[in-house]
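The values are calculated or read from the model by the stated rules, or taken from the named source; none is laboratory data. Quick caveat, the model's predicted, so the values are computed rather than measured. Note that we place each Cβ from the backbone using ideal geometry, even for glycine, and neighbour counts take in every protein chain shown. Accessible surface areas use protein heavy atoms only, side chains included; no ligands, DNA or RNA. Shrake-Rupley method; radii C 1.70, N 1.55, O 1.52, S 1.80 Å.
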Amino acid sequence: MTPFRSATATALASTLLASLLAGCQFGGEAKDTSPIVIAADLELSGAAAGVGKAYRQALELKVEQLNASGALNGRSIDLRVKDNRSDASESLRNIADFSNDSAVSAIIMGGCNECAVGAVRTINEKQIPTIALAAAGAITSPVAERRYVFKLAPNAADSADALTVELSRRNIDTVGILHTEDTYGREGVAALQREFDNADIRVVAQASVRGTDTDVDGQAATLAAADPDGVIIWTSPEQAMLAAAAVKRADFTGPLYLDAAAAGDLFLGSASRAAERATLVFTQTMVIDDVIATTPAKAARRQWFQDYTARFGGYHGSSSFAADAVQLIADAELRSGGPVGQVNRDGLRDVLETSQLDGLSGPIRMTPDNHSGLMPQALTTLVARNGRWRLAG
């Protein structure tokens, strides 16, 4: 054999070997085994650290489950987490860092409304698909200016509608409202007022709290002094429990109503007495152990509830939103196409925008006109009974 033929044969053999090692068949396509890199910007310290910790636990559990499931076609998820310290400026720095990392396919943001709203411009400029777990409608609306931003938490309008139905059912004519001084809190008051105007319910007192407040006695006293038929608490989970105790200390004996953003731990702990008989609007997964699993979706929610509880010793209501965000991104990554081993952010965004999922949180539907995916029918009414949340009725 001439040196030229020998060299050619050696090169051809090397090429064929490389193709085989990469999982190719001659004439077939290379199999993509690159990791799916998902970044997470979470409140792991600061005022919202409790919810941030629950999100991190849920993300890690869901990633572990998907990586072990074999459902990723030979790929695996690489989760990269940064603490935003419950601070919008720190969160924005994290988003910029993640966006500049070409390996990152998408970002999941935690429950900080101001963090998500403040990052919208950067997310769209960097063109990186992002799913926020915060609730503010301003995160995804108007959609034309937020093409790369999605969210999963319940909408203020849906929570307000469900609360108004419950108030009317119980003949509550006057209410006091305690809400957060942020985008979502203001959205909530506006949404409640729209519903109340149609239901002849009157707001007789209103007070607000900052996200960092740990003393809400003054606001609680203001609400109790107005002697409303009921009090609505529209705050974070930690503040909701503080407020429940505060209004009871202020000698308010009427019923308490909590919006979906106030959902926290399944077991109420030290807040049990103050929150007893309180009503919460939230997803059914929070109390799925009260529900007969009559569909595959309900069975999956029950399994998630059991897996999370077994791993972490309790259940946090918002954990399912984090798990659904991972599932949506993983599904979109597998369907988005693009060159093998390369991140296709635009393709992933396009798939996310038309995603449909019977998720752990409930039915999720994204459309080009609506990037807030959780459907209103995912919400139900829960009641605090004997130290934990239960399905009402």
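Provide, for q = 0.08, 0.10, 0.13 Å⁻¹, the log10 of I(q)/I(0) from a solvent-free Debye sum over equal Cα point scatterers in the chain. Each listed q maps to, in turn, -0.44, -0.65, -1.03.
Under a model in which nothing but the beta-carbon of Lys, Arg (+1) and Asp, Glu (-1) is charged, the chain shows a dipole of about 960 debye around its Cα centre. Here the range 292-393 exposes an accessible surface that is 48 percent carbon and sulfur, computed with a 1.4 Å probe and the other protein chains kept in place.
Note that the chain presents 44 Å² accessible area per residue, ligands and nucleic acids not counted, probe 1.4 Å. Among Arg273, Arg194, the sequence by solvent-accessible area, most first, with a 1.4 Å probe is Arg273, Arg194.
Considering only alpha-carbon pairs that sit under 8 angstrom and 6 or more positions apart, the relative contact order computed for the range 88-245 is 18 percent. Which of the listed residues, Ile128, Val63, Ala47, is farthest toward the dipole's positive end in the range 33-139, when Lys, Arg count +1 and Asp, Glu count -1 at the beta-carbon? The one lying farthest along the dipole's positive direction is Val63. The charge dipole of the range 53-120, taken about the Cα centre with unit charges on the Cβ atoms of Lys, Arg (+1) and Asp, Glu (-1), comes to about 140 debye, rounded to the nearest 20. Multiplying each eigenvalue of the alpha-carbon gyration tensor of the range 48-141 by 5 and taking the square root yields semi-axes of 23, 16, 12 Å, largest first, rounded to whole angstroms. Per-residue 3J(HN,Hα) values for the range 124-140, derived from phi via the Karplus relation 6.51 cos²θ - 1.76 cosθ + 1.60 with θ = phi - 60°, read 6, 5, 7, 6, 10, x, 9, 10, 8, 9, 7, 9, 4, x, 5, 5, 10 Hz in sequence order (x marks Gly and Pro). Among Ile107, Ile95, Ile292, the largest mean-square fluctuation in a Gaussian network model of the chain, built with springs joining Cα atoms closer than 10 Å, belongs to Ile292. Counting only protein chain heavy atoms and rolling a 1.4 Å probe, the accessible areas of Glu90, Glu60 rank, largest first, as Glu60, Glu90. How far is helix 296-312 tilted, in degrees, relative to the longest principal axis of the Cα atoms in the chain, given as a value from 0 to 90 rounded to the nearest 10? Approximately 80 degrees, to the nearest 10. Ordering Pro376, Ile329, Met241 by the projection of their Cα atoms onto the charge dipole of the chain, which places +1 on the Cβ of Lys and Arg and -1 on the Cβ of Asp and Glu, puts Ile329 at the extreme positive end. Remark: relative contact order (the chain) = 16 percent; criterion is Cα-Cα distance under 8 angstrom and separation of 6 or more residues. The listed residues Thr283, Thr295, Thr253 rank as Thr253, Thr295, Thr283 when sorted by accessible area, largest first, using a 1.4 Å probe.
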